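Okay, structure first, notes after.
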Amino acid sequence: MLLVLTKLNTSSIHGIGIFADQFIKKGDKIWEFTPGFDQYYSKDLIDNLPGPARNQILKYAYCHITKKDTYVLVADDARFFNHSDNPNCKDINFELLEDSAYTIAARDIDKGEELTVDYNLFDAYGTLWG
């Protein structure tokens, strides 16, 4: 769940992006996995959904880093983080299945700045985004 004010807008990186709607100080927590709001989905469950539902989940979910048969779907606009090789946000504990994953500001982020993460973190563990 997002813990800071954000808004969606057209991204110069890719399609739609998520942008800070407030100043965010380096180290501030931006997003955290919130049980009951954000969800885990097993590959079996997804495979048995009707096509449109399956496609919607796979469009926005990402494969869990260490549990390859589990997908993580965030319930809010955090799914619009785009990739950067020099991201302004850093993902913490994404290799754990426990509900301790979160994202912090890697540096001060000005209001209006697009929030970015490094998708290579996921690729480094041999997974792909959904």
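Filtering the stretch 68-78 to residues that are of a type in the set (D, E, K, R) and surrounded by fewer than 16 Cβ atoms within 10 Å (Cβ to Cβ) leaves LYS68, ASP69, ASP76. In the stretch 4-22, the residues that are under 9 Å from LEU115 (Cα atoms) and touching a residue at least 24 places away in the same chain (Cβ under 8 Å) form Cβ pairs under 6 Å with partners that are part of a strand (DSSP E or B) and hydroxyl-bearing (Ser, Thr, Tyr), at six or more places apart or across chains, as follows: ILE18/THR6. No other residue among SER11, SER42 is within 23 Å of ASN120 (Cα to Cα), small (Gly, Ala, Ser) and touching a helix residue (DSSP H, G or I) at 6+ places or on another chain (Cβ under 9 Å) apart from SER11.
Screening LYS26, LYS7, LYS59 for residues that are outside any strand (DSSP E or B), within 18 Å of ASP110 (Cβ to Cβ) and either within 15 Å of the chain's Cα centre (by Cα) or at pLDDT 95 or above (or both) leaves exactly one candidate, LYS26. I'm trying to understand the selection: among the residues of the stretch 90-128, which are among the aromatic types (Phe, Trp, Tyr) and either part of a loop (DSSP other than H, G, I, E, B) or modelled with pLDDT of 65 or more (or both)? The answer is PHE94, TYR102, TYR119, TYR125. When restricted to residues that are of a type in the set (Ser, Thr, Tyr), over 17 Å from PHE80 (Cα atoms) and surrounded by 15 or more Cβ atoms within 10 Å (Cβ to Cβ), the stretch 48-66 contains 0. Remark: pairs (first residue in the stretch 41-70, under 19 Å from VAL117 (Cβ atoms); second residue charged (D, E, K, R); Cβ separation under 6 Å; 6+ apart in sequence or on different chains) = TYR60/ARG79; ILE65/GLU95; THR66/GLU95.
For the stretch 20-31, filtered to residues that are in contact with a Ser or Thr (Cβ under 6 Å, 6 or more places away or on another chain) and of a type outside the set (A, V, I, L, M), the residue that is surrounded by the most Cβ atoms within 10 Å (Cβ to Cβ) is TRP31.
Number of residues in the stretch 66-89 that are assigned to a strand (DSSP E or B) and modelled with pLDDT under 95: the value is 6.
The values are calculated or read from the model by the stated rules, or taken from the named source; none is laboratory data. As the structure is a computational prediction, the values presented were derived from the model and not from experiment. All Cβ positions, even for glycine, are placed from backbone atoms using ideal geometry, and neighbour counts span all protein chains on display.
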